[in-house]
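Q: Below: one structure in structure tokens.
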Amino acid sequence: MAAEIETSMRTVKTADGVTVHSESVGNGDPILFIHEFAGDHRTWEPQMRRFSRSHRCITYAARGYPPSQVPTDPAAYSQQHAVDDAVAVLDAHSVGAAHVVGISMGGFCGLHLAMRHPGRVRSLVVAGTGYGARPHEVERFRAECDAIAEVIETAGIAAFAEQYMSGPSRVQLQNKDRRAWQEYTRWVSEHSAEGSAATMRGVQRERPSLYALEAELAAIAAPVLVLAGDEDDGCLETSVWLKRVIPTAGLAVLPKSGHTLNVEEPGLVNTLIADFLHRVEAGVWGPRDPRADPGAITGFS
């Protein structure tokens with residue numbers, strides 16, 4: 001008789017008293033999934049189903065995303081709060097260290113988690129991460145964050161969802177899988193307008209540029225896999241940069257792909273993550289061999 005797969009839902013109390021909805025399924029080594037700005041705990045379903053066969057999969061809705069609490073104080077939204085909430089979720093599920101998988105906003109959270117709490121991160125997958133990170137894009141990105149928050153507040157979350165999900169790095173999902181795109185758009189339309197606007201202003205707009213954290217990123221010792229879509233131009237160059245900065249990082253670029261990689265190409269993403277986890281758990285994913293000098297061509301100069 002097959003072993004029973006454990007499932008649970010849990011309300012987590014964060015360090016500052018905000019309640020966060022979390023879900024856990026499966027047995028084995030834990031994986032923590034952290035969603036993007038347009039996502040929530042539901043958008044990890046292709047991964048929760050796949051990896052709960054071999055691992056304990058945990059995901060949660062970030063603060064500001066129902067059924068998690070939507071704080072009314074703008075100061076309750078920041079990159080620091082996002083990291084603290086990830087730690088609170090791990091603590092609530094009695095997990096010391098986990099494989100961490102984050103996309104976009106969740107990828108930024110994963111990187112900051114690895115930098116600030118290295119003992120909690122066994123390995124890290126960072127997908128679609130880099131918007132607004134390049135120094136020359138910071139002010140433009142902040143202006144776009146303000147514009148997005150204003151649209152949410154004036155036009156409403158439903159109108160915003162349709163516009164946002166038709167953006168330059170999301171039309172790839174629309175073209176490949178109309179049904180998945182419609183479902184994703186519906187999920188965005190169900191988000192809290194207040195929570196989404198506050199998240200855009202407090203977490204997205206105010207997060208530090210990754211390029212200003214080069215030394216801290218270079219000190220990450222956990223195995224890292226960076227995933228990028230080749231048509232996700234806001235993240236592509238930063239993904240290559242992360243590969244070069246983090247000694248343990250590997251990079252996979254998905255062809256003809258945009259931002260929502262885990263839903264757009266779930267089979268390919270799952271295969272890449274599964275191979276990465278297998279190599280991490282076998283102890284064979286290490287730092288780059290120093291002989292592979294990125295400044296060399298053939299090594300004969």
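Q: Give me a count of the residues in region 262-298 that are in a loop (DSSP other than H, G, I, E, B) and open to solvent by 60 Å² or more (accessible area, probe 1.4 Å).
A: Result for region 262-298: 13.
Q: Exactly one of these conditions fails for residue 83: (1) more than 14 Å from the chain's Cα centre (by Cα); (2) without any contact (Cβ under 8 Å) to a residue 40 or more places away in the chain. Give me its number.
A: Every condition holds for residue 83 apart from (1).
Q: Name the residues in region 94-144 that are among the hydrophobic types (A, V, I, L, M, F, W, C), closer than 18 Å to residue 29 by Cα and over 18 Å from the mean Cα position of the chain (by Cα), would you?
A: Listed by number, the list holds a single entry, 95.
Q: If a residue has to be part of a helix (DSSP H, G or I) and surrounded by 20 or more Cβ atoms within 10 Å (Cβ to Cβ) to count, how many in region 150-184 make the cut?
A: Taking region 150-184 first, the residues part of a helix (DSSP H, G or I) are 150-155, 157-164, 171-176, 178-184.
Remaining after also requiring surrounded by 20 or more Cβ atoms within 10 Å (Cβ to Cβ): 152, 157, 160-161, 172-173, 181, 184.
Within region 150-184, residues that are part of a helix (DSSP H, G or I) and surrounded by 20 or more Cβ atoms within 10 Å (Cβ to Cβ) number 8.
Q: Restricting to region 94-138, and then to whatever is modelled with pLDDT of 95 or more and among the hydroxyl-bearing types (Ser, Thr, Tyr), can you tell me which residue is most open to solvent (accessible area, probe 1.4 Å)?
A: 94
Q: Out of the residues in region 216-225 that are over 18 Å from the mean Cα position of the chain (by Cα) and either at pLDDT below 95 or assigned to a helix (DSSP H, G or I) (or both), which is farthest from residue 265 (Cα to Cα)?
A: Keep residues of region 216-225 that are over 18 Å from the mean Cα position of the chain (by Cα), which gives 216, 218-219, 221.
Right, trim to either at pLDDT below 95 or assigned to a helix (DSSP H, G or I) (or both) and you get 216, 218.
Details: 216: 31, 218: 29 Å.
If we take residues in region 216-225 being over 18 Å from the mean Cα position of the chain (by Cα) and either at pLDDT below 95 or assigned to a helix (DSSP H, G or I) (or both), then 216 is farthest from residue 265 (Cα to Cα).
Q: Name the single residue, out of those in region 21-39 being acidic (Asp, Glu) and in contact with a His (Cβ under 7 Å, 6 or more places away or on another chain), that is farthest from residue 186 (Cα to Cα). Please lay out each step first, then the result.
A: If we filter region 21-39 for residues that are acidic (Asp, Glu), which is where we start, we get 23, 29, 36.
Imposing the further condition that a residue be in contact with a His (Cβ under 7 Å, 6 or more places away or on another chain) reduces the set to 23, 29.
Numbers: 23: 21, 29: 32 Å.
Per the criteria, the residue is 29.
Q: Give me the pairs: first residue in region 129-149 and under 17 Å from residue 164 (Cα atoms), second residue open to solvent by 30 Å² or more (accessible area, probe 1.4 Å) and modelled with pLDDT of 95 or more, beta-carbon distance under 6 Å, and six or more apart or on different chains, which are they?
A: 132/141; 142/205; 145/205; 149/201
Q: Tally time: how many residues in region 231-255 are in a helix (DSSP H, G or I) and of a type in the set (Val, Ile, Thr)?
A: Step one: of region 231-255, the residues in a helix (DSSP H, G or I) are 233-245.
Filter again for of a type in the set (Val, Ile, Thr), leaving 238, 240, 245.
Final tally of qualifying residues: 3.
Q: Also, quick follow-up: Return yes when residue 228 is outside any helix (DSSP H, G or I), touching a residue at least 12 places away in the same chain (Cβ under 8 Å) and open to solvent by 20 Å² or more (accessible area, probe 1.4 Å) and no when it is not. Write out each step before concluding.
A: Working: outside any helix (DSSP H, G or I): yes; touching a residue at least 12 places away in the same chain (Cβ under 8 Å): yes; open to solvent by 20 Å² or more (accessible area, probe 1.4 Å): no.
No; evaluated as a whole, the condition is false for this residue.
Q: Yes or no: region 114-124 includes at least one residue that is part of a strand (DSSP E or B), hydroxyl-bearing (Ser, Thr, Tyr) and more than 25 Å from residue 217 (Cα to Cα).
A: Going residue by residue through region 114-124, those that are part of a strand (DSSP E or B) are 121-124.
Then drop every residue that is not hydroxyl-bearing (Ser, Thr, Tyr), which leaves 123.
Of the ones still in play, those that are also more than 25 Å from residue 217 (Cα to Cα) are none.
No, region 114-124 contains no residue that is part of a strand (DSSP E or B), hydroxyl-bearing (Ser, Thr, Tyr) and more than 25 Å from residue 217 (Cα to Cα).
Q: Is it the case that residue 179 is basic (Lys, Arg), within 20 Å of the chain's Cα centre (by Cα), at pLDDT 95 or above and more than 24 Å from residue 85 (Cβ to Cβ)? Let's see the steps before the verdict.
A: Details: basic (Lys, Arg): yes; within 20 Å of the chain's Cα centre (by Cα): no; at pLDDT 95 or above: yes; more than 24 Å from residue 85 (Cβ to Cβ): yes.
Spelling it out, it is not the case that residue 179 is basic (Lys, Arg), within 20 Å of the chain's Cα centre (by Cα), at pLDDT 95 or above and more than 24 Å from residue 85 (Cβ to Cβ).
Q: Just to be sure, is residue 147 over 30 Å from residue 219 (Cα atoms), outside any strand (DSSP E or B) and open to solvent by 30 Å² or more (accessible area, probe 1.4 Å)? It would help to see each step written out before you state the result.
A: Working: over 30 Å from residue 219 (Cα atoms): yes; outside any strand (DSSP E or B): yes; open to solvent by 30 Å² or more (accessible area, probe 1.4 Å): yes.
So residue 147 passes the test.
Q: Any residue that is open to solvent by less than 10 Å² (accessible area, probe 1.4 Å), at pLDDT 95 or above and farther than 17 Å from residue 68 by Cα - is there at least one of those in region 205-215?
A: Our first condition is that a residue be open to solvent by less than 10 Å² (accessible area, probe 1.4 Å); within region 205-215, this holds for 210.
Add one more test, that the residue is at pLDDT 95 or above, and what stays is 210.
Applying the additional criterion that residues be farther than 17 Å from residue 68 by Cα yields 210.
Within region 205-215 (the criterion being open to solvent by less than 10 Å² (accessible area, probe 1.4 Å), at pLDDT 95 or above and farther than 17 Å from residue 68 by Cα), the answer is yes, since at least one residue qualifies.
Q: Across region 231-247, what is the total count of residues that are free of Cβ contacts under 8 Å to residues at least 60 places away in the same chain and open to solvent by less than 10 Å² (accessible area, probe 1.4 Å)?
A: Result for region 231-247: 1.
The values are calculated or read from the model by the stated rules, or taken from the named source; none is laboratory data. Being a predicted model, the structure only gives us computed values, none of them experimental. Glycine also receives a Cβ, built like all others from the backbone with ideal geometry; neighbour counts cover every protein chain displayed. In case anyone asks, the SASA skips ligands and DNA or RNA and just uses the protein heavy atoms, side chains included. Shrake-Rupley method; radii C 1.70, N 1.55, O 1.52, S 1.80 Å.
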